[in-house]
Amino acid sequence: MTEADTFVFDRFSASHLDDPYPLYRRARAEAPVHFADAFGVWVVTRHDDVQTVLTDVERFSSAFGIRTPLVAADGVREILATGHPEVPALLNEDPPAHTRTRALVAAAFSPRRTRQLAPRVQQLTDALIDGFADDGRADLVGRFALPLPLQVICELIGIDPADAGQVRAWTEELKTLTSFDVTPERQRAAAHQSVAFEKYLAGLVEARRADPRDDLLTDLLAAEAPEHSGWRFSTTELVSLLLTLIFGGHETTANLIGSALLLLLRDPGLAAAVAADPARADPLIEETLRADPPVQGSFRTVVADTELAGVRIPAGAQVFAVIGAANRDPAATTDPDTFDPGRERPDRHLAFGRGIHFCVGAALARLEARTAITTLVRRLPGIRLADGFHAPYLANLLHRGPIRLDAVWPRP
Ligand code: HEM
């Protein structure tokens, strides 16, 4: 096995969590498409190849399970069978089912609804900052970057704000359920929590069916696909879709805000410049999405024997398209390892995917990140990283972001 072959596995060692990019660079140069034994997946790292995997839905299928563990401990499947069966929902659907679901979700997730949310995102941002402004210091991930998108996605869907903490705890349990390194006992406990979460969401769906409101869930319930003779979502389908939206809608955006703040607060001059000119937040956010994307890659299954960059990949194989590596491919970006918020066309990255699965929440994520960053630097002048702070990272192959961010500022 060459060094490049082991790079995905290496990623889990603490030394690479801080900075996986040198490994990606080596993989791009030495083995741009290679099989990684440790995970049984084909790893794809060059920009053009990653783009091909994401967009060529004929060759690369998105069908896979999201909330079922790859290796289930004794009793786990029986526990999960007491909840709602996992049905594909958008992210893991292929056409034609994906086309139908996407049309209904896109209609409910309209630019109008995102725009309507802007004042509310601002209010929630200010309320969170009110909670710690007088302290002169805070962990900005736990107090700010994480609760903001969580509260926004709950409100958007129509989940009672009082339940947001429980929803967060459940999403953590779902992550545990599908993690590699958990004991059978812990996996069974997580399976029970997964079922509780599914039942909670099914209850919410039924409540909205009986009593419609002005929220995304009500819109999804009302949405009909005319070209599919009035087809509508079932409760089980909505449970899967809501799980996808809740998952996709908060951890990713929290990681974007955390990573952008880390880059910003490392450079006091940049923080002051964004405070003076909030328009500078947008290129900073795009450059964060390019250089340190919250979603590091996406999985696909090869439909029939195929070839990618001259490498043969058999039917049924799993492919991991590494967005974090593609975004730093020198063939696509000049001087890719330099963080440069002054780049021209900083939005030419794959951080939100490409093609038919392009992120439905991209506009919302950008709105939240912009509001969070501009408000924080305006309200807490002089904010900087705490002395000696070194950011710890999530131990995760797919998601990347600091799990803690200690900042200080002069008290008002
Ligand atoms: C910075 C934040 C975000 C990042 C980096 C991100 C990233 C991505 C990526 C890479 C994909 C494509 C996956 C693929 O092709 O396999 C995707 C799809 C998706 N995202 Fe996001 N996302 C973010 C925020 C959000 C938000 C806020 C929501 C919902 C409120 C959301 C919901 C979704 C959904 C439902 C899909 C599937 C779309 C489809 O398959 O048609 N995401 N996202």
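A few remarks follow.
- Among beta bridges from DSSP that stay inside the chain, the antiparallel ones total about 85%.
- Net lengthening on full extension, residue 116/residue 81 (0.36 nm per residue, minus Cα-Cα): 8.7 nm
- Solvent-accessible area per residue for the chain (1.4 angstrom probe, square angstrom): 43 Å²
- Longest DSSP-loop-exposure-free segment, trypsin sites (Lys or Arg not before Pro), the chain, at most 14 other Cβ within 10 Å: 1-212
- For the chain, the carbon plus sulfur part of the accessible surface works out to 54%, probe radius 1.4 Å.
- Both radii were evaluated on the Cα set of region 120-213; the Rg over Rh quotient, with Rh as the Kirkwood radius, amounts to 1.06.
- Loop-located GluC sites (Glu not before Pro) across region 25-133 with a Cβ neighbour count of 15 or fewer within 10 Å are 58, with loop assigned by DSSP.
- DSSP-loop chymotrypsin sites (Phe, Trp or Tyr not before Pro) across region 279-364, with at most 13 other Cβ within 10 angstrom: 358
- Potential extension, residue 206-residue 378 segment - 0.36 nm per residue separation minus Cα distance: 57.6 nm
- Applying both filters, DSSP loop and at most 11 other Cβ atoms within 10 Å, to the chymotrypsin sites (Phe, Trp or Tyr not before Pro) of region 14-82 eliminates every site.
- Full extension of the chain between residue 344 and residue 398 gives 16.7 nm of extra length, using 0.36 nm per residue less the Cα-Cα distance.
- Between residue 399 and 296, the built amide H atoms are under 5 Å apart, and every one of these is 5 or more places off in sequence or on another chain.
- Region 148-172 and region 53-113: distance between their alpha carbon centers, rounded to Å: 20 Å
- Note on the chain: Cα-Cα pairs beyond 30 Å make up 43% of the total pair count.
The values are calculated or read from the model by the stated rules, or taken from the named source; none is laboratory data. Bear in mind that the values here come from a model prediction, so they are computed numbers and not experimental data. Positions of Cβ are generated from backbone atoms using ideal geometry, with glycine treated the same way; all protein chains shown enter the neighbour counts. When the accessible area is computed, the model is the full protein with side chains, heavy atoms only, and any ligands, DNA or RNA have been set aside. Shrake-Rupley method; radii C 1.70, N 1.55, O 1.52, S 1.80 Å.
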